[in-house]
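Asker: Okay, handing you the structure first.
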Amino acid sequence: MSIVDMNIGEKAKVVDIHAQKDLKLRLQSLGLTRGADIEVRGFAIGKQNVELLVDDTLVGLRQTEMKLIEVQKVER
C-alpha cells in the first residue's frame, strides 16, 4: 500500500521508495527512509497533496510522490 491509500490520523512505517535516484534522494533528505515512522496529518482536496509527520518534522508531498512510497500500517 502507498501513502495515498491511508487516512488522516493513521500511522505507518516506510517499507520502500519506488522512485528514480534523484527523487529518492530528495525524499530521503526529508527523513523518508526505510523504517521511518510516519503519520498522515492532512490531505488537500482530492488527496492531491498530503501533510505527513515524519519523526518530528512536517513534510508536504504531491500525490505522484505519495504513490511511490510503500508503507505498512502500524496499529496504535
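Asker: Hey, among the residues in segment 34-48 that are in contact with a helix residue (DSSP H, G or I) (Cβ under 8 Å, 6 or more places away or on another chain) and under 14 Å from Ile69 (Cβ atoms), which one's surrounded by the most Cβ atoms within 10 Å (Cβ to Cβ)?
Answerer: Selected residue: Ile38.
Asker: With respect to the numbered conditions (1) touching a strand residue (DSSP E or B) at 6+ places or on another chain (Cβ under 9 Å); (2) farther than 23 Å from Glu75 by Cβ, which one is the sole condition not fulfilled by Asp37?
Answerer: (2)
Asker: Go over the candidates Val40, Val50, Val14 one by one and state the one that is in contact with a Leu (Cβ under 9 Å, 6 or more places away or on another chain) and farther than 14 Å from Gln63 by Cβ.
Answerer: Only one candidate qualifies: Val14.
Asker: Right, next: Between a residue in segment 58-76 that is in contact (Cβ under 8 Å) with a residue 24 or more places away in the chain and any residue that is among the hydroxyl-bearing types (Ser, Thr, Tyr) and part of a strand (DSSP E or B), which pairs come within a Cβ distance under 8 Å, given they are 6 or more apart or on different chains?
Answerer: Going by the 8 Å Cβ cut-off, the qualifying pairs are Met66/Ser2; Lys67/Ser2; Leu68/Ser2; Ile69/Ser2; Glu70/Ser2; Val71/Ser2.
Asker: Continuing with this model, one more query. Within segment 40-76, track down each residue that is in contact with a Ser or Thr (Cβ under 8 Å, 6 or more places away or on another chain) and among the β-branched types (Val, Ile, Thr).
Answerer: The answer is Ile69, Val71.
Every number here is computed from the coordinates shown, using simple stated rules; none is lab data. Keep in mind that what you see is a predicted model, and the values were worked out from it rather than measured. In this analysis, Cβ positions are derived from the backbone assuming ideal geometry, glycine residues included, and neighbour counts consider all displayed protein chains.
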